Structure formats: structure tokens, C-alpha cells
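Structure record follows, encoded as C-alpha cells.
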Amino acid sequence: MDLPLAMVSSSRELNAGMLRIVVPHVTPASNNQQVMALFTDHKALIGLPVLEMNRPIGMINRHIFLSQMSRPFFHELYDQKSCIAFMDKTPLIVEANAGLDYLAERVIETGDKAVTEGFILTDDGHYVGIGLGIDLIKTVSGLQAKQHQQIMQSIEYARVIQESMLNRSRQLMEAHLDDWCLYWHPRDCVSGDIYAFHPFAHGWLQVVADCTGHGVPGAFMTFIFASALEKALTQVPPHEPERLLSIINLHIKQTLSQLQYSADKSQSNDGCDAIALFVDTENNTLIWANAQMHAFQLAAGNDEVAVLSADRKGLGYIDTPSDYQWQRHQRPLQRGDQVLIVSDGVTDQIGGERAIMFGKKRLQGLMLHEREKPMAQRSDALLAALKTWQGEQMCRDDMTWFGFRW
């Protein structure tokens with residue numbers, strides 16, 4: 001463009017004035033011959049403002065004007081007449097200090113005209129310049145791209161924080177477990193799934209939770225859950241997982257103000273499914289409490305995969321009483337027994353020829369088929385089976401699983 005640009009914006013004020021372009025203008029006293037001369041001299045001039053006492057009263061569209069003036073005898077008829085003959089009397093006029101959001105809304109309301117011809121900018125009603133629709137589109141797109149980049153950078157850093165929080169548990173697993181596997185995969189950079197491993201003198205505790213949502217909302221919930229678990233471990237011993245879940249439930253409800261039902265539609269109804277599993281290494285016993293998580297045990301020498309019992313109440317949700325008591329379960333462990341815990345992102349993944357969920361039966365069948373392999377290889381086999389099953393389908397949710405062989 002061969003027109004001089006004079007941007008009048010502050011880095012802290014995103015307004016219509018950012019798009020101001022200084023262009024020639026005419027008045028009702030100007031004739032069409034003068035308009036023609038201006039369009040000839042300024043090849044990039046799309047719209048020519050018409051001012052009266054420095055206030056805009058219309059806009060002359062270049063293409064419409066030239067089209068009309070090219071008709072037979074129009075020069076003879078209109079050259080010396082006032083330019084208002086070809087003036088659009090209802091151009092879009094916006095104050096330069098108006099926000100870009102407001103300007104964009106007005107441009108949309110006006111339609112193609114404001115995009116193709118541009119719009120007039122004023123300061124307290126007095127003309128200061130024009131703006132082009134294409135410049136508005138470029139500016140808004142650029143701002144959105146920058147905001148998106150900033151948001152993604154923030155989320156990426158949140159992932160670093162979340163992974164750092166989980167890394168200690170992974171390191172402890174490596175130090176205390178022999179044959180085990182762990183897979184944690186967020187659907188959207190950060191995850192609503194969380195796991196925690198705590199070793200003790202007489203055993204170890206593994207907690208896996210699937211919090212409401214995924215992405216940023218889910219990640220917020222994992223931080224609340226982690227805080228609740230740390231608090232619970234200061235109040236009850238690890239071999240009482242049912243009490244751990246009760247304390248976590250109350251902490252989440254208190255944190256999210258979900259202790260009492262409210263008709264307020266903005267009230268949160270968030271929580272998580274979770275399992276707290278304690279392995280008593282002195283007595284070879286598996287002790288757990290389960291809030292709707294999928295968990296399985298394949299006993300050594302057995303050809304049937306058992307489902308570990310679970311209560312049908314999640315933690316923290318409005319319909320879960322604040323004093324709800326989860327059931328305590330336990331069973332003996334024998335050498336060679338295998339346990340696998342998965343979040344529902346695994347079982348609910350859509351795929352296959354009929355686009356149905358992966359389900360628990362396929363998972364149990366895979367456990368039987370791969371039973372002789374080390375847990376790490378079985379984890380790889382499960383991931384490969386899920387990828388094949390998923391095919392071209394989108395990933396529905398965060399995925400996490402933890403398994404060990406006793």
C-alpha cells in the first residue's frame with residue numbers, strides 16, 4: 001500500500017485507533033472530477049471519506065464510483081456535480097477509542113461493506129482517519145494467535161509442574177518395586193489423572209485417581225486431590241485406605257464448597273474416581289478401598305481375571321455424602337499374582353470396526369494372553385492394542401494404568 005500509515009495505539013490499549021490510516025478526504029463542495037483525480041493519484045485508496053465541518057457524512061467507494069463514471073456520458077453529466085451523488089450515506093463510523101471487540105461486532109453487523117470499503121474513525125465525532133477491514137482481520141487474528149501461544153506456553157509449563165509432582169512417585173516405584181508398569185498420558189497436555197506412591201516399613205500404598213474432566217480443569221482437580229491425600233496421610237495410617245478416601249472426599253467437598261446442595265447453577269459438582277491400595281508386605285495381603293475405579297487381579301495359576309470390588313460413589317461430588325464410608329476390602333497375595341488399575345480413559349476409548357468402547361472384557365483378555373510377560377512388556381502390549389483399537393478415532397480422555405506382579 002502506498003498510503004502513509006499513522007498508527008495511534010498504546011501497547012496497553014487495544015482499540016480501533018490502532019488501525020487508523022491517514023487518507024485524503026473531500027467535502028460536499030468537492031466535485032466528481034476531483035474525486036476521480038484522488039482515486040487516480042492514490043491507487044490503494046478504497047474508500048474516500050466525505051466530511052462536513054470535519055465530521056463524516058459519508059464514504060465514496062472506489063469501485064462503485066469508477067464503475068458509474070465509466071458509463072457513457074457520465075463524465076459530461078457528473079464531473080462538475082457534488083461528490084455526494086455517489087456517496088454512501090451510511091458508512092460505518094466508530095470512535096477511535098472503541099475496543100477492538102466492539103469494532104469487530106460492528107463490522108459483522110454492517111456486513112461485507114465495512115470489510116471491503118473500510119470504516120471511518122472519529123474522535124468525539126470529528127474525523128481522524130479510516131480503517132480497513134483487512135487490517136482489522138489481520139490484527140484480531142494476530143492477537144488471537146499471540147493469546148493462544150501465551151495460553152499454550154502456560155499450559156506447557158503447567159505440564160512441567162504436574163509431571164514434577166508425579167515424578168517423585170515414579171522414582172519411589174523404581175526404588176521399591178521389582179516387576180511393575182506405569183503409563184500416564186494426558187489427552188490435552190495436562191491431565192486429570194493422578195497417581196501417588198508411598199513406601200512404608202511394612203508395605204506400600206498406591207493411589208490412582210481420575211478427576212473430573214481433562215486438560216486444565218482436570219489438572220486443577222489433581223492438585224486439589226494431591227493436597228487432600230497429603231492431609232489424609234497425616235491423620236490415618238496407610239493400611240486403612242477406606243478412611244483415606246473418606247478424608248479426601250471431605251477435603252474436596254470443603255475446597256469446592258460442595259458440602260450442601262445449592263440451586264445456584266454455578267456451583268461446582270466436581271470430584272474424582274479413585275482407588276487407594278495398600279500392599280502389606282509383612283502379611284502378604286492386598287488391602288483396598290475403591291471409588292468407582294477399574295481394578296483387576298489375576299491370581300497365579302488362575303485362568304480368570306477377578307474384578308476388585310468398588311463402591312459406586314465417587315469422591316467429592318454433590319451426591320456423595322460428606323460422611324460416606326467406603327468399604328474396606330482385602331485378600332491374600334501369592335507370588336505371581338498380578339494387579340492392574342486403569343482409568344476409564346482406557347476402557348471407554350472408542351474404536352474397532354463398530355466404533356464401540358474398548359471395554360473391560362478386552363482388557364481382561366489381554367491380561368490373560370500376556371500373563372507370562374514382564375509387566376513392562378505387558379504395558380507396551382496394552383498400549384499397542386489400544387492404538388490399534390483406536391485407529392482414526394480421537395482420544396476421548398486421559399489414560400493411566402498401574403500394574404504390578406507380586
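When you restrict to C-alpha pairs under 8 Å that are six or more residues apart and normalise by the size of the chain, the relative contact order lands at 13 percent.
Ordered by packing density, taken as the mean number of other Cβ atoms within 10 Å over each peptide's residues, highest first, how do 242-253, 140-151 rank?
Numbers: 242-253: 23.5, 140-151: 10.8.
Output ranking for 242-253, 140-151: 242-253, 140-151.
By average Cβ neighbour count within 10 Å, what is the ranking of 37-44, 294-301, 332-339, 91-98 from highest down?
Numbers: 37-44: 13.4, 294-301: 17.6, 332-339: 16.0, 91-98: 19.4.
With the highest mean Cβ count within 10 Å placed first, the list reads 91-98, 294-301, 332-339, 37-44.
Which loop GluC sites (Glu not before Pro) in the stretch 268-373, with loop taken from DSSP, have no more than 12 other Cβ atoms within 10 angstrom of their Cβ? Write out the running numbers ahead of the final one.
Details: sites: Glu282, Glu304, Glu353, Glu370, Glu372; in loops: Glu282, Glu304, Glu353, Glu370, Glu372.
Answer in residue order: Glu282, Glu304, Glu353, Glu372.
Quick one: net charge of Thr110's neighbours, Cβ under 12 Å, K/R +1, D/E -1?
Working: positive: Arg106, Lys113; negative: Asp88, Glu105, Glu109, Asp112, Glu117.
Residues close to Thr110 contribute a combined charge of -3.
Helices of the chain meeting both criteria, an alpha-carbon length of 18 angstrom or more along the long axis and an average Kyte-Doolittle score not below -0.5, with helices taken as full DSSP H segments, are 133-176, 215-233, 241-255, 375-390.
How high is the FRET efficiency between Met152 and His75 when r is their beta carbon distance and R₀ equals 56 Å, given to the nearest 0.05?
Details: r = 57 Å, r/R0 = 1.02.
FRET efficiency, Met152 to His75: 0.45.
Can you find, among Pro238, Gly314, Gln254, the residue farthest towards the positive end of the dipole of the stretch 225-348? Put +1 on the C-beta of Lys and Arg, -1 on that of Asp and Glu. It is Gln254, whose Cα lies furthest towards the positive end.
You can think of it this way: the chain between Lys360 and Ile134 has 76.0 nm of extra reach, that is 0.36 nm per residue less the Cα-Cα gap.
Computed about its Cα centre, the charge dipole of the stretch 60-178 is approximately 200 debye, with only Lys, Arg, Asp and Glu carrying charge at their Cβ. Pairs from the list Lys253/Lys313; Lys231/Lys253; Lys361/Lys387; Lys113/Lys138; Lys313/Lys361; Lys360/Lys387 with a Cα-Cα gap above 20 Å: Lys313/Lys361. Extending 7 Å from Cα along the Cβ direction at Lys231 and again at Ala98 yields two label points whose distance is 5.0 nm.
In a reduced charge model with +1 at each Lys and Arg Cβ and -1 at each Asp and Glu Cβ, the chain shows a dipole moment near 240 debye about its Cα centre. Ranked by the mean number of other Cβ atoms within 10 Å of their residues, highest first, the peptides 128-138, 382-392 come out as 128-138, 382-392.
Considering only protein heavy atoms, with the full assembly of protein chains and a 1.4 angstrom probe, order Lys231, Lys113 by accessible area, largest first. Spell out each step's value before the answer.
Details: Lys231 80, Lys113 60 Å².
Largest accessible area first, the list is Lys231, Lys113.
Residues whose amide H comes within less than 5 Å of that of Asp179, counting only those at least five positions distant or on another chain, are Arg405 (H built at 1.01 Å from N in the peptide plane).
Label positions at Arg328 and Arg168, each projected 7 Å from the Cα along the C-beta direction, are separated by 2.7 nm. Using just its DSSP H runs of length 4 or more, each adding -39500 (n - 2.57), the chain gives a mean residue ellipticity at 222 nm of -11500 deg cm²/dmol after division by all residues.
For the chain, what does the alpha-carbon gyration tensor say about shape, rounded, prolate or oblate, given a ≥ b ≥ c as the root eigenvalues, a/c under 1.5 as rounded, and a/b over b/c as prolate? Prolate, since a/c reaches 1.5 and a/b exceeds b/c. Positive contributions from Lys and Arg (+1) and negative ones from Asp and Glu (-1), summed over other residues with Cβ under 11 Å from the Cβ of Ile130, come out at -1.
Between amide H atoms placed 1.01 Å from N, distances below 5 Å from Lys313 occur with Gln292, all of them 5 or more places distant or on a separate chain. Of the chymotrypsin sites (Phe, Trp or Tyr not before Pro) in the stretch 187-280, the ones in a loop by DSSP (not H, G, I, E or B) with at most 12 other beta carbons within 10 Å are Tyr261.
The values are calculated or read from the model by the stated rules, or taken from the named source; none is laboratory data. Remember, predicted model here, so these are calculated numbers, not experimental data. Neighbour counts run over all protein chains shown; Cβ positions are idealised from the backbone, glycine included. In case anyone asks, the SASA skips ligands and DNA or RNA and just uses the protein heavy atoms, side chains included. Shrake-Rupley method; radii C 1.70, N 1.55, O 1.52, S 1.80 Å.
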